[in-house]
1. So, in segment 121-167, how many residues would count as being farther than 19 Å from residue 44 by Cβ and either at pLDDT 95 or above or touching a strand residue (DSSP E or B) at 6+ places or on another chain (Cβ under 9 Å) (or both)?
2. Sort through 137, 128, 148 and tell me the only one that's of a type in the set (S, T, N, Q) and outside any strand (DSSP E or B).
3. Do we have residue 164 as within 14 Å of the chain's Cα centre (by Cα) and within 27 Å of residue 92 (Cα to Cα) here?
4. Which one is modelled with the lowest pLDDT, of the residues in segment 57-78 that are of a type in the set (Gly, Ala, Ser) and part of a loop (DSSP other than H, G, I, E, B)?
5. How many of the residues making up segment 105-127 are crowded, with 16+ Cβ neighbours inside 10 Å and under 21 Å from residue 158 (Cα atoms)?
6. Checking residue 150 against (1) in contact with a Lys or Arg (Cβ under 7 Å, 6 or more places away or on another chain); (2) surrounded by 15 or more Cβ atoms within 10 Å (Cβ to Cβ), which test does it fail?
Amino acid sequence: MSKHHTAVRVGFLLAVVALFGGLLLHVATAAAADGNRFEATFQESRASVNDRIADLGTFQIINTASGTVEGHGAASMVVSVTQDRTVQPCGPGSWTNADIRRIVMADGVLILRGVAYVCQSASGPVASEKWFVDGASSTGLFAGARGSGEGRVSLATATSTLSGKLKLAGP
């Protein structure tokens, strides 16, 4: 066998090893990223209202909810929302929200803080939210956690869905 054929075979073998190693690294990285995924769905119900739109331009609500958090099972939630109805970020009939979500699961309490624009759609108002984890206020498995994501709340159906990344503080 010539030196040229040997070099080609060694080069081919190294390329296969590099490709396989890269594939394993990609699979391991994807698995780690999936382990940080956060997905939740809740059905909300109104518990309290404080309507101060006429004099202060604000509307406050507290909703309770039940639902599921992927990987953690059944969950309950209390969300406190303050709406500023004096601003209209996406035209007439829109407003901004600031909220705190307390999500209670068997393995701890996860606190999320969010801001949202509520815009009109063909099916009614829809809130598009950006949230982040308040690890200092969270407890149990979620104490010290960090992460962020997005949420969507259909006010017509009172359904909220949250997705993003959650990094637990544990080892």
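1. 20
2. 137
3. No.
4. The residue in question is 71.
5. The qualifying residues number 11.
6. All conditions are met except number (2).
The rows are residues; the columns are (1) in a loop (DSSP other than H, G, I, E, B); (2) over 18 Å from residue 128 (Cβ atoms); (3) hydrophobic (A, V, I, L, M, F, W, C).
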position: 39; (1), (2), (3): no, no, no
position: 42; (1), (2), (3): no, no, yes
position: 80; (1), (2), (3): no, yes, no
position: 90; (1), (2), (3): yes, no, yes
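The values are calculated or read from the model by the stated rules, or taken from the named source; none is laboratory data. Quantities reported herein were computed from a predicted structural model and do not represent experimental measurements. Glycine gets a Cβ as well: all are built from the backbone with ideal geometry, and neighbour counts include every protein chain shown.
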